[in-house]
Amino acid sequence: MSDPSHQKIGRILVANRGEIALRVMRTARAQGIQTVAVYSQADAQAPHVHYADDAVLLGPAPVSESYLKGDAIIAAALAREVDAIHPGYGFLSENADFARAVSGAGLTFIGPPADAIEVMGDKAAAKRRMIAAGVPCVPGYEGEDQTEARFLEAADAIGFPLMVKAAAGGGGRGMRLVTAAEDLPDALRLARSEAENAFGSGELILEKAIIEPRHVEVQVFADLHGHVIHLGERDCSVQRRHQKVVEEAPCPVMTPALREAMGTAAVEAARAVNYSGAGTVEFLLDGSGAFFFLEMNTRLQVEHPVTELVTGLDLVALQIAVAEGRPLGIEQHEVALTGHAIEVRLYAEDPAQDFLPATGSVHHWHPAESLRVDAGIESGSEVSPYYDSMVAKVIAYGDTRDAARRKLIEGLGDTALFGIVSNRDFLIDVLGQPSFAAGEATTAFIGDVYGESGWTAPPLTDEALAAAGLVEHALGRREAIAESGSVSPELLDWSSARDLTTLLRYELTDGSHDVSVRADGTGRYRVDTGGAELSAELLALSEDSALLSLDGAHVNVRFWRHPSGRLFLALPAQSLDLLDSALLAAAGEEIAGSGVVTAPMHGQLLEIMVREGDRVAKGDKLAVLEAMKMQHEILADVDGIVKSVVAAAGSQIAADERIIEIEPDDQEAGD
């Protein structure tokens, strides 16, 4: 951070992408500050690029050739004559060398001093500094002697269970839980290898394992005039593989005395490294109320919106003010926490497949209008395999925790992300779990609730099938009206010859589901799902939403239809990707004989049975795609030679993406 005499910032380069780049730019624009975006070739059409006042291409998609190129970012900043660089989070945000290089180039780094980043980025050094400052720390070993013998000796003194952790980095990498002495050598070896690959350093530390704690962090802020305050805490206990999924403020079990103690410890931690700007001090909180320093994140956190909502402060605006040398302008006693806020991270991933990341095109994106949504996507965006799979943060605020929770569930039910698999339904399920509703979730929550088998999508209900059938019928009726010119409303769904019935067949894991929608001529329908017959009514229909009545119960549905005929539905608790088997067969007939084998829908390629140069006959099995809860065999549509295998087994693949190319035999090619 520059000295207090720095002039006002008028132009900022945001050295990041996605939702955090947009988040920073919105506050900058609100303050009359111009913004410059940086982007990779994969992000050329990304929303943050379009939103900024100017944009600079860094290089190809891989982060090592784009967003991690500090010298290229600084060169772009100088070329565009910016005053400051905001690093967002991730990438170079906690890179001390980058912070020094920014200052060395005469620019303001909107973040803490490089020395503070350096100390807090090393878990061993940070813990030693915290112990010296009197901040409560987990018993452990953070010494420079990294021999196996010394670790075994230290482990014996600490006691099991314990955690092996990488001294550098975070995010769960280079981390192992060890319950017995005989398992420690292997854990050290694996953690060291993982740490070296992830962070370039194999240094490790040991910490006593705090079983089933809460993960509670305190937001701190410091200016260049010696003022350090905290803005309350956030509970981030709901995690998968040490990655946060749900965050909230305040912590459900916080007391005034505990908040004062944790806040004081966090402020002392910041003072110990001469901190300035925004930072987060993370603690483990056990059931007795004891808390222990975990680490300090020397940047703005992903989950900062929940703090903004309960304090009424704009944390990015505070960052800019501190970077300009202005005082915080708020004293500790003036910080008040009002109401409750909960944030969930919307990921492009499949929770039913061990949270496997997903990629592909966003066909349709509809964020809930009732919530704060910080998103890095829009309809038509591409979710790339090169970057983190989080596409948006969805945040609800309420007067009470339960009000915020219920509002978030309702808002997620009205959120549609079509084209790629997401964790939307999983998040709704998490928020509805009794232990979460009661505020009892610890870091063991996901394991305790979902077990080793993990989360599974809820079974398809008759109501969901009926909703799909009625929407399909309504869309078909709308298309027919568009093609037929003027039709009297009284004649819709009426025929003198026979009942007007829409027949559909959906193929799913548990078999075929036949759905019939029959109009009764009064504006109502009978929908037969094979398992039930429901009385239905279409109450409202827009371009992407419908309000239905199913046996008297109102159901809001978000939908989008792909040109192939696939129907995407977002119901209040379940997302569906359905295709009538008649349309699937028709689509297959249209492309038959081309030799180009594409994925009929988004899914995971489980197996590829052929290699380049293989001869295949029409009807031979080429690959197996798992999608829509079932396995689909992909067959050759021609006789010929495999020209190329484009996709890889085990990968996620988008609809219409090429898998294999076959060179048809001469006779086939000439047809």
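Read the figures in this text as sums done on the coordinates, not as results from a lab. Just so we're clear, the structure is a prediction, and the values are computed from it rather than from any experiment. Reconstructed Cβ throughout: ideal geometry from the backbone, glycine too, with neighbour counts over all protein chains shown.
Annotations
- Across the chain, counting alpha-carbon atoms alone, Rg and Dmax equal 27.9, 89 Å.
- Rounded to the nearest 20, the Cβ-based charge dipole of segment 1-122 about its Cα centre (Lys and Arg +1, Asp and Glu -1) stands at 460 debye.
- Euclidean distance between Cα centres, segment 346-364 to segment 208-247, Å: 27
- In this structure, the amide hydrogen of residue 660, modeled 1.01 Å from its nitrogen in the peptide plane, lies closer than 5 angstrom to those of 597, 646, counting only residues at least 5 positions away or on a different chain.
- In order along segment 358-364, the phi-based Karplus estimate (6.51 cos²θ - 1.76 cosθ + 1.60, θ = phi - 60°) of 3J(HN,Hα) comes to 10, 10, x, 8, 8, 5, 8 Hz; Gly and Pro are listed as x.
- Counting charges near residue 143 (Lys, Arg +1; Asp, Glu -1) among other residues having Cβ under 12 Å from its Cβ returns a value of -2.
- 0 to 90° range, to nearest 10: angle between helix 123-133 axis and the chain longest Cα axis: 50
- Value in Å of the Kirkwood radius, where segment 345-442 supplies the Cα pairs that are averaged: 14.0
- Peptides ranked, highest mean first, by Cβ atoms within 10 Å: ranges 449-458, 213-222: 213-222, 449-458
- C-alpha long axis of helix 148-158 to longest principal axis of the chain, angle in °: 80
- Once the convex hull of all Cα atoms in segment 139-208 is built, its volume per residue stands at 70 Å³.
- Computed from backbone phi with θ = phi - 60° and the Karplus coefficients 6.51, -1.76 and 1.60, the 3J(HN,Hα) list for segment 409-424 is 4, 5, x, 5, x, 9, 9, 10, 10, 9, x, 10, 6, 9, 9, 3 Hz; x is used for glycine and proline.
- Based on Cα contacts under 8 Å between residues 6+ apart, segment 213-340 shows a relative contact order of 30 percent.
- Computed 3J(HN,Hα) for segment 37-50, one whole-Hz value per residue from the Karplus formula 6.51 cos²θ - 1.76 cosθ + 1.60 where θ = phi - 60°, is 9, 10, 7, 9, 4, 5, 9, 4, 10, 5, x, 5, 5, 5, glycine and proline marked x.
- Nearest-ten-degree value, helix 462-484 long axis tilted from longest Cα axis of the chain: 60
- Relative contact order (%) - the chain, alpha-carbon pairs under 8 angstrom, separation at least six: 9
- Computed over segment 5-66: relative contact order in percent, which uses C-alpha pairs under 8 Å that are six or more apart: 30
- Long pairs among 618/643; 69/165; 621/643; 127/244; 123/208; 244/393, criterion Cα-Cα beyond 18 Å: 69/165; 127/244
- Segment 516-544 versus segment 118-140: alpha-carbon centroid distance in Å: 63
- Pairwise centroid distance, computed over Cα atoms, of segment 19-98 with segment 374-409, Å: 22
- Shown for segment 1-141 is the translational diffusion coefficient from the Stokes-Einstein equation, using the Kirkwood radius over Cα pairs, a temperature of 37 °C and a viscosity of 0.692 mPa s: 206 µm²/s.
- Scattering curve values for segment 211-338, log₁₀ I(q)/I(0), Debye with Cα scatterers, q = 0.09 Å⁻¹: -0.23
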